[in-house]
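See structure below.
The values are calculated or read from the model by the stated rules, or taken from the named source; none is laboratory data. Every value quoted in this text rests on a predicted model; they were computed, and no experiment measured them. Counting neighbours? That spans all protein chains shown, and the Cβs are built from the backbone with ideal geometry, glycine included.
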Amino acid sequence: MAGVTGPPGETGVGAEVTPVRVLIVDDDALVRAGLSMILGGLPDLVVVGEAADGGEVPAAVAAYAPDVVLMDIRMPRVDGLTATEALRAQPHPPEVLVLTTFDADEQVLRALRAGAAGFLLKDTPPVDIVHAVRRVAAGEATLSPTVTRTLIAHVTAAPGPASPDSRRERALRLLTGLSERERQVAVALGRGCTNAEIAGELFMSVATVKAYVSRLLTRLDLNNRVQVALLVHDAGLV
């Protein structure tokens, strides 16, 4: 293990605050140190551990029970993609934010398909990193609609491990069981629309849109709205 902090202590804002527990996985010690400095000292976040390779992730997660894992993709032994796929296949896994130097490469798309909640560029401003960790811990995707649209456009040229035909068949099969309204919301997510945009387009309240998104995630057994968008794209509905 590259290094581990002690257990979270008092936050200074009252016993009611339960800090979000963060595990940092990156083979670059300077990156790990920088992320620890950014996240350390905040009352609602605590870095519970660090790992230098994806192979260390299972033991680290079992030992320190993080809520969020900041996962580098490119590591020399076990890469972050492999580690993310293995981690998200476990019962009740932590959320994963992948770290990358590229904003739309094939590995990021594969990580999102595997269940990562989103990604951060390594040059993301510190305040945005903090906000992203908080959003993911709260169950929200970290990709803006603009980034979602970029990824959806890019995925056509970046096939995953399955062939395009088999992905299309699987996507159509999953989407067949949706109601008409659920399908409309799913297609809007596939276009990268925000909740407010969907509400205006479908004459719903934002709260109703949120309820439909939650229902879609449950019915399709997906982790976040980005996976819904990718599924809709695979089905050829956008």
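Quick notes on this structure:
- Some residue of segment 98-113 being assigned to a helix (DSSP H, G or I), surrounded by fewer than 21 Cβ atoms within 10 Å (Cβ to Cβ) and modelled with pLDDT of 80 or more: no
- Residue match in segment 43-57 (condition: out of contact with any strand residue (DSSP E or B) (no Cβ under 9 Å at 6 or more places or on another chain), of a type in the set (A, V, I, L, M, F, W, C) and not in a strand (DSSP E or B)): no
- From 149, 191, 168, residue being modelled with pLDDT under 80 and either of a type in the set (A, V, I, L, M, F, W, C) or surrounded by 14 or more Cβ atoms within 10 Å (Cβ to Cβ) (or both): 149
- Filtering segment 211-238 to residues that are under 22 Å from residue 92 (Cα atoms) and surrounded by fewer than 15 Cβ atoms within 10 Å (Cβ to Cβ) leaves 211, 214, 218, 221.
- When residue 49 is tested against (1) surrounded by 23 or more Cβ atoms within 10 Å (Cβ to Cβ); (2) farther than 20 Å from residue 222 by Cα; (3) under 17 Å from the mean Cα position of the chain (by Cα), just one condition goes unmet, and that condition is (3).
Residue-wise test of (1) in a loop (DSSP other than H, G, I, E, B); (2) at pLDDT below 85; (3) over 21 Å from residue 108 (Cβ atoms); (4) not aromatic (Phe, Trp, Tyr).
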| site | (1), (2), (3), (4) |
| --- | --- |
| 209 | no, no, yes, yes |
| 212 | no, no, yes, no |
| 226 | no, yes, no, yes |
| 233 | no, yes, no, yes |
